[in-house]
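Report on one structure; see the data block that follows.
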Amino acid sequence: MRYGQIRIIAGQWRSRKLRVPAKTRPPQNALRESLFAILQPHLDAARCLDLYAGSGSLGLEALSRGAKSVAFVEKSRIATKILNANIDELDAKSQTTVILQDVHNFVSRTAGQQFEIIFADPPYSDAIYDKWWANLLGATRKLIYDNGFFCCESPRVMSAPSGWSIKRATRRGTAHLTILSPNEL
């Protein structure tokens, strides 16, 4: 099996290597540094959801920095195998759940769980983004606390759909990071 590697930036597993599935695009270090600098005050004991998990780099970085738990959702069996190997390598099984399922199926069928932080790093394909963005945010609204954060990497600037407010938007290289919070119901 072919794979690349990236490192966890900070926290208890600082500098530990993670395997990355071939043909995936993990978030660049500069983007992850920006994201976690913003989220750090909110990570302590947070429950996180990592959608389109791939190697698990976002969720595992969150755990390294103090999050309580992470649920990873990934539809690729190969990526899930690598994700599980990364979790085993860090001895993080007790803090993680890996769900082998399509993200849209997961968010539309999941009820009764809520998270403080949701990460989404979907494959870059502009053809799906407009429809995907509104649909995913609408479906994840029930999964996030009112004071939670939805963090998404995208190939372009994303606007806030109804029911959401942009808390921060930044760009690192060709990647755009948008952090939103749901408007109170």
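Things worth noting here:
- All positions within the range 60-110 that are hydroxyl-bearing (Ser, Thr, Tyr), within 21 Å of residue 46 (Cα to Cα) and at pLDDT 95 or above: 64, 69, 94, 96, 97
- Residue among 139, 169 that is more than 20 Å from residue 62 (Cα to Cα) and of a type in the set (Gly, Ala, Ser): 139
- Matching residues, the range 11-43, being aliphatic (A, V, I, L, M) and either more than 14 Å from the chain's Cα centre (by Cα) or within 21 Å of residue 143 (Cα to Cα) (or both): 18, 20, 22, 30, 35, 37, 38, 39, 43
- Within the range 143-185, considering residues that are open to solvent by 70 Å² or more (accessible area, probe 1.4 Å) and not in a strand (DSSP E or B), the one nearest to residue 44 (Cα to Cα): 184
- When 19, 32, 14 are checked against the criterion of being more than 16 Å from residue 144 (Cβ to Cβ) and assigned to a strand (DSSP E or B), 19 stands alone in meeting it.
- Looking across the range 35-64, the residues that are in a helix (DSSP H, G or I) and polar (S, T, N, Q) come down to 40, 57, 64.
- Of the criteria (1) crowded, with 19+ Cβ neighbours inside 10 Å; (2) within 14 Å of residue 140 (Cβ to Cβ); (3) not acidic (Asp, Glu), which one residue 104 fails: (1)
- On the stretch given as the range 44-78, residues that are charged (D, E, K, R), open to solvent by 40 Å² or more (accessible area, probe 1.4 Å) and under 13 Å from the mean Cα position of the chain (by Cα) total 1.
- Only residues that are surrounded by 23 or more Cβ atoms within 10 Å (Cβ to Cβ) and outside any helix (DSSP H, G or I) were counted across the range 79-95, and they come to 0.
The values are calculated or read from the model by the stated rules, or taken from the named source; none is laboratory data. Being a predicted model, the structure only gives us computed values, none of them experimental. As a convention, Cβ positions derive from the backbone with ideal geometry for all residues, glycine included, and neighbour counts pool all protein chains shown. Just so you know, the surface numbers come from the protein's heavy atoms only, side chains and all, with ligands and any DNA or RNA stripped out. Shrake-Rupley method; radii C 1.70, N 1.55, O 1.52, S 1.80 Å.
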